[in-house]
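What follows is a set of notes on a single structure, which appears directly below.
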Amino acid sequence: MYGTALRFRDDTAAEGPPAFRILALDGGGIRGLFTASFLATLEELGGGRIGQHFDLLVGTSMGGVIALALAYGAPAQTVFDLFLDKGPVIFSRPRRLGMLLRPKYDNRILAGALRGYFGSKTLDDALTPVCITSYELENSYPRIWKDDHAPDLAPAGDEPAWKVALATCAAPIFFPGTQVLEGDSHVDGGLFANNPALIGLTEAVRYFRQPLERIRILSVGAGERAERIPYEKARRMGVWFWRTAAIEHMMIAQARIAHEIARRLLGPEQYTRVNVPLERPYALDDYAAAKNLIEPGAQAARVGYTDLIRRFFSSAAVIGREQKSAVQALRRGDRPRRNS
């Protein structure tokens, strides 16, 4: 059932080739504390470094920051500590006046935190293949940032990790748009893929040539509960009242349809969704409220630990890393390639 954090089923195949494992991490602003707490607790319980157990990591917004960190082999605890330490600073000085004409927050503190965490790493420095979402405003087009892991795509992955992380976090209203490359303009990938499970599924089928029956997805949310809007209120709401409600409802709608499509394509035995219902709506920048999600994240990991270890963490993933190594060898050999 969608929205429950505490139900898991075993889908480990007894025979045949290894499953292609995908970790998909939702956006949700500082509510990403739930996601980071869940993953850090799994590691603490004995799951090992999260990144080494998945063939592909995909993420949006703060989920994208976590996915990038895990792709470089970092412990989940380090990104949890980053959110915990920098969250109150990043969201500490909202603009009270002029917010109708400017973003709520300056992004310089966020940019500094991301640059300090990722340093000079580029996407292609990732050990595990990774896909990060943003939305490009110049051409009105979804953008999937990825390392160089597909032989039939042009070489990619030179982009600085911190710039990609800043782009996927650039939630409209809250943060200004940002540039990754000269001439582009990006905002949060949550506009089209707040739950990036379908991004991962498509990448696995198209660029890793995986059949659906071999794909396993662990999809982790960041808590959800939009404002309930009865008809009498909805028919009177104008721009001011819809300013944040529209974003929250669009994010939840996209996350839920992605969940339903992935679940129906793969079946519940191949697709696990971990999320927590909120007792009230939490704003994307409400750090004080988001801290209440730390324990539910840890509890979800503790309750589901045995099944999750068996399904996703019983062995190191090999398919994604082996293909990336093969692509790197191909590039070094300067063999012909085609764009797609």
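The values are calculated or read from the model by the stated rules, or taken from the named source; none is laboratory data. These figures come from a predicted structure and were not determined experimentally. Quick reminder, even Gly has a Cβ in these numbers, built from the backbone with ideal geometry, and neighbours come from all protein chains shown.
Here are the numbers for the structure shown:
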| item | result |
| --- | --- |
| Test for Val89: is it buried (at least 22 other Cβ atoms within 10 Å of the Cβ) and out of contact with any Gly (no Cβ under 8 Å at 6 or more places or on another chain) | no |
| Residue tally, condition under 18 Å from the mean Cα position of the chain (by Cα) and either more than 30 Å from Phe312 (Cα to Cα) or among the acidic types (Asp, Glu) (or both), over region 251-282 | 1 |
| In region 117-141, the residues that are buried (at least 22 other Cβ atoms within 10 Å of the Cβ) and either assigned to a loop (DSSP other than H, G, I, E, B) or over 17 Å from the mean Cα position of the chain (by Cα) (or both) | Ala126, Thr128, Pro129 |
| Residue pairs meeting the criteria (Cβ under 8 Å; at least 6 apart or on separate chains; first within 18 Å of Leu284 (Cα to Cα), in region 34-49; second acidic (Asp, Glu) and modelled with pLDDT of 95 or more) | Thr35/Asp26; Ser37/Glu295 |
| Number of positions in region 56-87 that are part of a helix (DSSP H, G or I), in contact with a Leu (Cβ under 6 Å, 6 or more places away or on another chain), closer than 22 Å to Ala150 by Cβ and of a type outside the set (A, V, I, L, M) | 1 |
| Inter-residue pairs, beta-carbon under 6 Å, first farther than 12 Å from Tyr207 by Cβ and in region 313-327, second modelled with pLDDT of 90 or more, 6+ apart | Phe313/His53; Ala316/Gln52; Ala317/Arg21; Ala317/His53; Ala317/Phe54; Ala317/Asp55 |
| Close pairs from region 174-185: first without any contact (Cβ under 8 Å) to a residue 24 or more places away in the chain, partner assigned to a loop (DSSP other than H, G, I, E, B), Cβ under 9 Å, at least 6 apart | Gln179/Ser185; Leu181/Glu159 |
| Within region 127-141, tally of residues that are more than 14 Å from Thr60 (Cβ to Cβ) and touching a residue at least 60 places away in the same chain (Cβ under 8 Å) | 3 |
| Residue match in region 142-150 (condition: touching a Phe, Trp or Tyr at 6+ places or on another chain (Cβ under 8 Å), touching a residue at least 12 places away in the same chain (Cβ under 8 Å), assigned to a loop (DSSP other than H, G, I, E, B) and under 21 Å from Ile319 (Cβ atoms)) | yes |
| Single residue of region 161-183 satisfying the filter (surrounded by fewer than 18 Cβ atoms within 10 Å (Cβ to Cβ) and touching a strand residue (DSSP E or B) at 6+ places or on another chain (Cβ under 8 Å)) that is farthest from Arg206 (Cα to Cα) | Pro172 |
| Hey, Val65 in contact (Cβ under 8 Å) with a residue 24 or more places away in the chain and touching a Cys at 6+ places or on another chain (Cβ under 9 Å) or not | yes |
| Of all residues making up region 1-31, the number that are outside any loop (DSSP other than H, G, I, E, B), on the phi < 0 side of the Ramachandran plot and at pLDDT below 95 | 2 |
| Any hit, region 216-223, residues being free of Cβ contacts under 8 Å to residues at least 40 places away in the same chain, closer than 18 Å to Ile30 by Cβ, touching a strand residue (DSSP E or B) at 6+ places or on another chain (Cβ under 8 Å) and buried (at least 23 other Cβ atoms within 10 Å of the Cβ) | no |
